[in-house]
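**Q** Take this structure, written in structure tokens, and hold onto it; I'll ask about it next.
The values are calculated or read from the model by the stated rules, or taken from the named source; none is laboratory data. Everything numeric in this text was worked out from a predicted model, so none of it was measured. Heads up, the Cβs are rebuilt from the backbone with ideal geometry, glycines too, and the neighbour counts pull from every protein chain shown.
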Amino acid sequence: MMVARGNPASHEVLVDSWPHFGIVLTRLRPEEHRDPRDYYINQLAVFYRDEGALRALLRGTEAVAHARAFQILGLQEGLEEAVREVASARGLKVETIRHRALMSPEVPRPRGQVPPGLRLAPVSPSHIPLLNATWSLGKNNRSRAFLLRLVRTLPSACLLDSRGRPVSWSLLDGQSCMRHGYTVPAWRGRGLTGIMVATLGRELHARGFPIYGAVLPHNTASLRALCAVGFVPQPGTLYMILGTPE
């Protein structure tokens, strides 16, 4: 969907055959991936009709460049095992982070209004230090550069206080998934997450993008907030598999 709508994340689509394919994979264009140890930007998403097609692609092609760090996203059982098997054989360290996937079949509707003293705005590049410092997978130069790229190329939403400081925000990843959101502790419990995802969801709908997100399973507050504005949990697990050279 992202590729068909201007391709702001600079991805390309690969299939094993056409028009009858066994696997489809999206990845960052190789010329855009300059740092071989940067798994943040080298994000791939995969869908396959059978696990054999997945294993054939991982073992027999360079569609996933195993000399470089990567991040693979997928919803299908068997993905983690196949990636781990091939990555281990090639000397890569593998970490899996599991998410709950949610989709909004309609335009999200916030249950509350923007509190007095706050205003809506897109995330600005000047906000990146705060976003990077509060991201559990961030706090380094590569994550900082990745977040800056997202802010510059994709829709985002935040709430600013009277001094122009972000107190809550929502970003998209390179697959147009709402996977980067945060509310500073002093402002939690006021419905700001719902306002953020509903605001960003309306913009995505206007652009013809699907409206979906991913939340860590233990983050019950965010799960409740998304469900409250119309998101529906999807079956299964969204796997984020990180591979890095030893």
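**Q** From Gly138, Gly201, Gly164, Gly194, grab the single residue that is at positive phi, out of contact with any Phe, Trp or Tyr (no Cβ under 6 Å at 6 or more places or on another chain) and either not in a strand (DSSP E or B) or not assigned by TED's automatic domain parsing to the domain that holds Cys227 (or both).
**A** Gly164
**Q** Quick one: in the stretch 64-81, which of the residues that are aliphatic (A, V, I, L, M) and under 21 Å from the mean Cα position of the chain (by Cα) is surrounded by the fewest Cβ atoms within 10 Å (Cβ to Cβ)?
**A** Step by step, filter the stretch 64-81, then rank; the result is Ala65.
**Q** Taking into account only those residues within the stretch 114-131 that are of a type outside the set (A, V, I, L, M, F, W, C) and either more than 13 Å from Leu159 (Cβ to Cβ) or in contact (Cβ under 8 Å) with a residue 60 or more places away in the chain (or both), which is surrounded by the most Cβ atoms within 10 Å (Cβ to Cβ)?
**A** Here the answer is Pro115.
**Q** Okay, moving on. What pairs come up if the first residue lies in the stretch 141-156 and is under 20 Å from Gly6 (Cβ atoms), the second is among the basic types (Lys, Arg) and in a helix (DSSP H, G or I), and their beta carbons are under 9 Å apart, counting only those six or more places apart or on different chains?
**A** From residues that are under 20 Å from Gly6 (Cβ atoms), the pairs are Pro155/Arg207.
**Q** Taking only the stretch 23-52 into account, find how many residues are in contact with a Phe, Trp or Tyr (Cβ under 8 Å, 6 or more places away or on another chain) and more than 25 Å from Phe209 (Cα to Cα).
**A** Of the residues in the stretch 23-52, 1 are in contact with a Phe, Trp or Tyr (Cβ under 8 Å, 6 or more places away or on another chain) and more than 25 Å from Phe209 (Cα to Cα).
**Q** Let me ask you something else. Sort through Ala101, Ala87 and tell me the only one that's more than 17 Å from Gly230 (Cβ to Cβ), surrounded by 14 or more Cβ atoms within 10 Å (Cβ to Cβ), among the small types (Gly, Ala, Ser) and touching a strand residue (DSSP E or B) at 6+ places or on another chain (Cβ under 9 Å).
**A** Ala87
**Q** Taking Arg190 and the conditions (1) touching a Lys or Arg at 6+ places or on another chain (Cβ under 8 Å); (2) at pLDDT below 95, which numbered condition does it fall short on, given that it satisfies the others?
**A** Arg190 satisfies every listed condition except (1).
**Q** At pLDDT 90 or above and closer than 16 Å to Tyr239 by Cβ, is that true of Leu73?
**A** It is true that Leu73 is at pLDDT 90 or above and closer than 16 Å to Tyr239 by Cβ.
**Q** Moving on to the next point. Checking the conditions here, which among Thr61, Thr134, Thr96, Thr26 is surrounded by fewer than 13 Cβ atoms within 10 Å (Cβ to Cβ) and β-branched (Val, Ile, Thr)?
**A** Thr61
**Q** Output the number of the condition that Cys158 fails; it satisfies all remaining conditions of (1) in a strand (DSSP E or B); (2) more than 22 Å from Tyr212 (Cβ to Cβ).
**A** Just one mismatch for Cys158, condition (2).
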